[in-house]
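Some notes on the structure that comes next.
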Protein chains: 2
Amino acid sequence: MYIVGLMSGTSLDGIDAALVRVNDSGLKTEIEMIEFITYPFPKAVEEEIVQSLSVDTSNVQLICSLNFKLGKLFSEATKEVCKKAGLPLEHLDLIGSHGQTIYHQPLREKNLVPSTLQIGEPAVIAYDTNTPVISNFRTMDMAAGGQGAPLVPYTEYVLYRSETKGRLLQNIGGIGNVTVLPKQATLEDMYAFDTGPGNMIIDEVCRQLFHRKYDEGGKMAKQGQMNEELLAYCLSHPYIMSQPPKSTGRELFGKQYVETLLRKFNTLPGEDILATVTMFTAKSIVDNYRAFILPKTDIEEVIIGGGGSYNNTLIEMIRSLLGDSITVLTQEELGYSSEAKEAVAFALLANETFHGKPSNVPCATGAKKDVILGNITFPPLTGY
Amino acid sequence: MYIVGLMSGTSLDGIDAALVRVNDSGLKTEIEMIEFITYPFPKAVEEEIVQSLSVDTSNVQLICSLNFKLGKLFSEATKEVCKKAGLPLEHLDLIGSHGQTIYHQPLREKNLVPSTLQIGEPAVIAYDTNTPVISNFRTMDMAAGGQGAPLVPYTEYVLYRSETKGRLLQNIGGIGNVTVLPKQATLEDMYAFDTGPGNMIIDEVCRQLFHRKYDEGGKMAKQGQMNEELLAYCLSHPYIMSQPPKSTGRELFGKQYVETLLRKFNTLPGEDILATVTMFTAKSIVDNYRAFILPKTDIEEVIIGGGGSYNNTLIEMIRSLLGDSITVLTQEELGYSSEAKEAVAFALLANETFHGKPSNVPCATGAKKDVILGNITFPPLTGY
């Protein structure tokens, strides 16, 4: 069947819409990505989203109206990706819409209960596209005592679990995160943790020393020399060797961390600093594998995704640190688009729900049970 | 099948929960009400609802958390009504939850689009009760260009349409509203309009002259004398004889209307005023029938519901104004509870959606199409 997955992230870049063809469900899922677009928000809507995210500027009237406005934009994104692919809308079977998260309260706090709120009215999408919509994926996991996130592990399981190879899925976004998929894994065998920094130290050094947003392709780092003293300093951070499960956020390896580091090593050439923090990022990833994964699990492949997979210097460092026995691939090399990853994930989660199957991963979210994610909204002409 | 209908109205009295047994769907629906309760809100939650209703005091954090809190309370109400009826929760087949409306924007206005927002997270209800939940009934009608209200006409059609009798369903709440169900009607033959005041003038006179909330059983009005001059004054209100479709709100026959009336007729005894405004209410209803309904439609029965159906003086006046050829009954006399009406309606609407059938009434809401209302959220163990 043809499914569109829709995702609108916290970066407010627009609506990611992935059109995929899917056969079967669960471990038998076959998937092919047909088309992907990012459908931009009109400026006024983007401003309303920003307003709706904050306790100070949000209100019930804004949220009520914005829910319907976003529904309209999600249906436009759906039409657009189908049009680009040359697929008549009548041939579209299902839409999986994550919606726009406007609040997420993972834990109880004073008078607030654990809860999450995604908007982008599914009735509007289903009506405008005449297609069933599955939406509100996170709420059921939270109802089951989970944190409603991460939801990608299930689709990673479906896409990458192998009968013959142990695999690590390394995401390098701001933070580095690894998902472990042993050979012949069941969902319960799978686990994930944050390895430490992803691009965030590299990007911050680029901003502060080179006034650039990031090190394109890792070219600047390639020109620098490794500094052992700086590398040892970085590696002494207690997060790196602390035992999983563990998770980190922007606060541990952010702006302040980099400012302290630059003050301490202010005599080093910028390229050397960049080369060294890139090596630190590579080593933090590989050291975590060596300490916590490889001793107990056979791993044949590491598949790297996220923005960091475009940093060739970083990828080469990881490759050489791991040695010949483990193959390092990027998502792009496998034909998966990093950009489209989350939109594709929600197409696959919709597929599972449509088949009446649970798709949260309790050991990843903390939920007490397997649950069927999301609810179904029917278009006018279904079911007559 | 056993269905619980859940409704939480704008009066914030608590959660109305009706347990019904339903067979079949559409015009073949057979329904029996088994139990009804009103499950009160904890004071703190009631305060949060009040806060969430206002543009000034609402915010995204509050709404996110309250959505989950209300979900919990809706599931408690469900368990409570089943327990009271002695029905094990495992025997419950379906829940239809209207939720709590926290905003309704019927028309476009500046940067706001037509939209509606009900909260009471269905995933929480489905998880806690292990029962499928149908919720968010109003959004699809609005997506189809309707106002998302009223949704009761469909259930009135299902419950009261007759092969042999033309019927009027007169609701007497604050406002009077009539639904016309000709003999052998199709959904398209059905129409409804506001007849004018319901209890609101009577209640306001009680408050201002007798410091009571309402005229219990119509006892005070029964002791008064009709004043022809006051009656003529009331009947001259242009709303009464204006052509349907028409709808009125609290502003036309509210506090201000009563204050003007009392100033103008300040020499009359209170009971006389009460008797006369009660007659005015009765006549506004019957005059509308005579002018706009009876000339074109054969009517055998008038069925009266709402708080006004408990005002015996008002009912007797309507009965005598209509004469012998039309039978006047109250919902209570027919075995339907006025209190439970809306909760029962959402159980029936859930039943239709569960059967894949549309249940809005486009001529009542203004929608462009018949649509299937609400979305389905599955409990953990369905569909394995």
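The values are calculated or read from the model by the stated rules, or taken from the named source; none is laboratory data. In this text, all values refer to a predicted model and were calculated from it rather than measured experimentally. A quick note on method: Cβ atoms are made from the backbone with ideal geometry, for glycine too, and the neighbour counts reach across all protein chains shown. Protein only, heavy atoms only, side chains kept; ligands, DNA and RNA dropped before computing areas. Shrake-Rupley method; radii C 1.70, N 1.55, O 1.52, S 1.80 Å.
Of all residues in the range A:177-191, those that are of a type in the set (Ser, Thr, Tyr) and in contact (Cβ under 8 Å) with a residue 40 or more places away in the chain total 1. Summed over the range A:242-265, the residues that are in a loop (DSSP other than H, G, I, E, B) and either outside the structural domain of residue A:220 (by the TED database) or modelled with pLDDT under 95 (or both) give a count of 13. When A:376, A:315 are screened for being more than 14 Å from every other protein chain (Cβ to nearest Cβ) and either open to solvent by 10 Å² or more (accessible area, probe 1.4 Å) or modelled with pLDDT of 95 or more (or both), only A:315 passes. Just one residue in the set B:36, B:74 is at pLDDT 95 or above and within 27 Å of residue A:141 (Cα to Cα); that residue is B:74. Annotation: of all residues in the range B:358-373 being over 18 Å from the mean Cα position of the chain (by Cα) and buried (at least 24 other Cβ atoms within 10 Å of the Cβ), the one that is farthest from the other protein chains (Cβ to nearest Cβ) is B:358. Residue B:27 meets the conditions (1) open to solvent by 60 Å² or more (accessible area, probe 1.4 Å); (2) over 22 Å from the mean Cα position of the chain (by Cα); (3) aliphatic (A, V, I, L, M) in every case but one. The failed one is (2). Of all the listed residues (B:90, B:46), the sole one being acidic (Asp, Glu) and either open to solvent by less than 10 Å² (accessible area, probe 1.4 Å) or in contact with a Gly (Cβ under 9 Å, 6 or more places away or on another chain) (or both) is B:46.
Among the residues of the range B:119-131, none is identified as among the polar types (S, T, N, Q) and assigned to a strand (DSSP E or B). Cβ-Cβ contacts under 6 Å between residues 6 or more apart (or on different chains), taken from a first residue in the range A:120-144 that is more than 19 Å from residue A:343 (Cβ to Cβ) and assigned by the TED database to the domain that holds residue A:64 to a second residue that is basic (Lys, Arg) and open to solvent by 10 Å² or more (accessible area, probe 1.4 Å), are listed as A:144/A:368; A:144/A:369. For residue B:335, the criteria (1) in a strand (DSSP E or B); (2) at positive phi hold in every case but one, which is (1).
Checking each residue of the range B:186-204 against the condition of being over 24 Å from the mean Cα position of the chain (by Cα) and more than 13 Å from residue B:273 (Cα to Cα) gives no match.
Inspect all residues belonging to the range B:71-82 and state whether any of them is buried (at least 24 other Cβ atoms within 10 Å of the Cβ), at the interface with chain A (Cβ under 7 Å from one of its Cβ atoms) and either touching a strand residue (DSSP E or B) at 6+ places or on another chain (Cβ under 8 Å) or among the polar types (S, T, N, Q) (or both). No - not one qualifying residue is present in the range B:71-82.
Cβ separations smaller than 6 Å between residues 6+ apart or across chains give the following pairs from the range A:195-208 residues that are more than 10 Å from residue A:172 (Cα to Cα) to residues that are of a type in the set (Phe, Trp, Tyr): A:201/A:253; A:203/A:214; A:206/A:214. Take the conditions touching a Pro at 6+ places or on another chain (Cβ under 8 Å) and within 30 Å of residue B:32 (Cβ to Cβ) and apply them to residue B:179. Does it pass? It is true that residue B:179 is touching a Pro at 6+ places or on another chain (Cβ under 8 Å) and within 30 Å of residue B:32 (Cβ to Cβ). Each residue in the range A:170-186 was checked for being under 26 Å from residue A:249 (Cα atoms) and open to solvent by 30 Å² or more (accessible area, probe 1.4 Å), and 3 of them qualify. If you check B:299, B:303, B:273 for being β-branched (Val, Ile, Thr), within 27 Å of residue B:366 (Cβ to Cβ) and outside any strand (DSSP E or B), only one passes: B:299. Of all residues in the range A:154-169, which are crowded, with 19+ Cβ neighbours inside 10 Å and of a type in the set (Asp, Glu)? A:156 - this is the single residue of the range A:154-169 that is crowded, with 19+ Cβ neighbours inside 10 Å and of a type in the set (Asp, Glu). Filtering the range A:144-153 to residues that are within 14 Å of another protein chain (Cβ to nearest Cβ) and open to solvent by 20 Å² or more (accessible area, probe 1.4 Å) leaves A:145, A:147. Annotation for the range A:209-232: at least one member residue is surrounded by fewer than 17 Cβ atoms within 10 Å (Cβ to Cβ), free of Cβ contacts under 8 Å to residues at least 60 places away in the same chain, farther than 17 Å from residue A:195 by Cβ and of a type in the set (Gly, Ala, Ser). Close contacts from the range A:251-268, counting a first residue that is touching a residue at least 60 places away in the same chain (Cβ under 8 Å) and a second that is open to solvent by less than 70 Å² (accessible area, probe 1.4 Å), with Cβ to Cβ under 6 Å and a gap of 6+ residues or different chains, come to A:253/A:197; A:253/A:200; A:253/A:201. If you check B:288, B:360, B:351 for being modelled with pLDDT under 95 and not in a strand (DSSP E or B), only one passes: B:360.
Residues of the range A:1-19 being buried (at least 24 other Cβ atoms within 10 Å of the Cβ) and acidic (Asp, Glu), which ones? Passing the criteria: only A:16.
Filtered by the rule that a residue be among the polar types (S, T, N, Q), open to solvent by 10 Å² or more (accessible area, probe 1.4 Å) and facing another protein chain (nearest Cβ under 7 Å), the range B:55-66 gives B:59, B:61.
Does the range B:114-128 include one or more residues that are closer than 30 Å to residue B:256 by Cβ, open to solvent by less than 10 Å² (accessible area, probe 1.4 Å) and within 17 Å of the chain's Cα centre (by Cα)? No: zero hits. Every condition in (1) surrounded by fewer than 21 Cβ atoms within 10 Å (Cβ to Cβ); (2) assigned to a helix (DSSP H, G or I); (3) out of contact with any Leu (no Cβ under 7 Å at 6 or more places or on another chain) is met by residue A:283 except one, and the failing one is (3).
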